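Just so you know, all these numbers are worked out from the coordinates, no wet-lab data involved. Source: prediction; values computed, not measured. Ideal geometry is used to build each Cβ from the backbone, glycine not excepted, and the neighbour counts take in all protein chains shown.
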Ligand SMILES: [Zn+2]
Ligand SMILES: [Zn+2]
């Protein structure tokens with residue numbers, strides 16, 4: 001197999017020839033057909049997340065086909081198309097796992113961070129954490145659903161039922177969650193970097209009621225806002241934009257420091273909360289609904305060996321929607 005490997009934090013990924021691996025008990029080997037590139041991959045490369053495995057193969061929005069099955073695997077067979085998300089393994093016995101919050105497991109493994117992921121021609125996954133994807137939709141179009149879509153979905157649920165939804169940072173996750181929110185008959189208010197006319201136009205084209213810079217106030221008070229951008233300065237801006245009792249949800253795994261803010265921004269039962277990881281139930285719920293919603297992902301494809309370019313373009317915001325690597 002071949003992979004783009006991160007040997008040292010902060011270094012470029014290196015095209016590497018590796019011996020084929022065989023799935024152990026409970027594992028599957030998947031021939032990768034597409035792997036999305038997520039902001040979290042940048043955080044791994046940049047060393048913004050604690051204790052990554054190194055060397056590591058990044059990538060956690062994997063679509064591929066099972067090509068070998070380890071002992072004891074139930075419900076998956078060779079040839080079946082599966083999706084492999086960020087959550088790669090949980091302990092199953094900690095209070096979070098047994099209490100229905102496996103996203104907060106005390107001893108988890110994450111694909112592309114603490115176990116090898118999908119920037120490769122093949123990957124080994126814990127079979128219990130792979131989602132059958134069926135045959136509808138292309139591999140490339142489905143890849144961004146595996147993290148951007150899933151985290152957006154969980155964030156939307158935690159944001160509550162409010163009709164007027166603000167999305168701060170209009171990239172891969174927001175362009176998917178906007179479609180879900182519109183399908184749920186909500187109005188979407190999109191906030192981009194000030195002056196990013198291209199992304200504001202993209203948001204309006206997808207059906208946003210309003211699009212503007214993150215330094216602007218929306219034309220109406222919001223019921224809730226989700227912050228996908230990694231900028232802590234947006235927290236007070238978003239709190240200012242939501243109504244009494246409204247929620248601000250921070251969806252990223254990493255954010256720059258949140259500046260001091262006057263208490264009156266939080267006062268009147270506004271809620272500020274973060275979203276961490278996903279549960280398998282989130283994945284099942286979202287992937288079942290995605291075809292019904294008719295989510296169309298906007299993707300830019302790169303050959304696998306151009307992963308460094310894809311990461312650089314993501315960092316610079318040089319494409320709409322999501323980048324996807326194709327081996
Ligand atoms: Zn656990
Ligand atoms: Zn991700």
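Overview of results
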{"quantity": "Extreme residue, farthest from ligand 2 (Cβ to nearest atom), among residues of region 74-86 that are in contact (Cβ under 8 Å) with a residue 60 or more places away in the chain and touching a helix residue (DSSP H, G or I) at 6+ places or on another chain (Cβ under 6 Å)", "calculated": "83"}
{"quantity": "Region 113-131: number of residues that are under 18 Å from residue 66 (Cα atoms) and out of contact with any strand residue (DSSP E or B) (no Cβ under 6 Å at 6 or more places or on another chain)", "calculated": "2"}
{"quantity": "Residue match in region 122-132 (condition: touching a helix residue (DSSP H, G or I) at 6+ places or on another chain (Cβ under 8 Å), within 27 Å of residue 317 (Cβ to Cβ) and within 16 Å of ligand 2 (Cβ to nearest atom))", "calculated": "no"}
{"quantity": "Among (1) in contact (Cβ under 8 Å) with a residue 60 or more places away in the chain; (2) within 16 Å of ligand 2 (Cβ to nearest atom), the one test that residue 20 misses", "calculated": "(2)"}
{"quantity": "Residue that is farthest from residue 303 (Cα to Cα) [pool: residues in region 113-138 that are within 16 Å of ligand 1 (Cβ to nearest atom) and not in a loop (DSSP other than H, G, I, E, B)]", "calculated": "128"}
{"quantity": "Region 49-69: number of residues that are surrounded by fewer than 19 Cβ atoms within 10 Å (Cβ to Cβ) and within 13 Å of ligand 2 (Cβ to nearest atom)", "calculated": "1"}
{"quantity": "Residue check, residue 29 surrounded by 14 or more Cβ atoms within 10 Å (Cβ to Cβ) and over 28 Å from residue 252 (Cα atoms)", "calculated": "yes"}
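Quick grid of which residues meet (1) in contact (Cβ under 8 Å) with a residue 24 or more places away in the chain; (2) buried (at least 21 other Cβ atoms within 10 Å of the Cβ):
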{"site": "72", "(1), (2)": "yes, no"}
{"site": "93", "(1), (2)": "no, no"}
{"site": "102", "(1), (2)": "yes, yes"}
{"site": "115", "(1), (2)": "yes, no"}
{"site": "120", "(1), (2)": "yes, yes"}
{"site": "123", "(1), (2)": "yes, yes"}
{"site": "128", "(1), (2)": "yes, no"}
{"site": "141", "(1), (2)": "yes, no"}
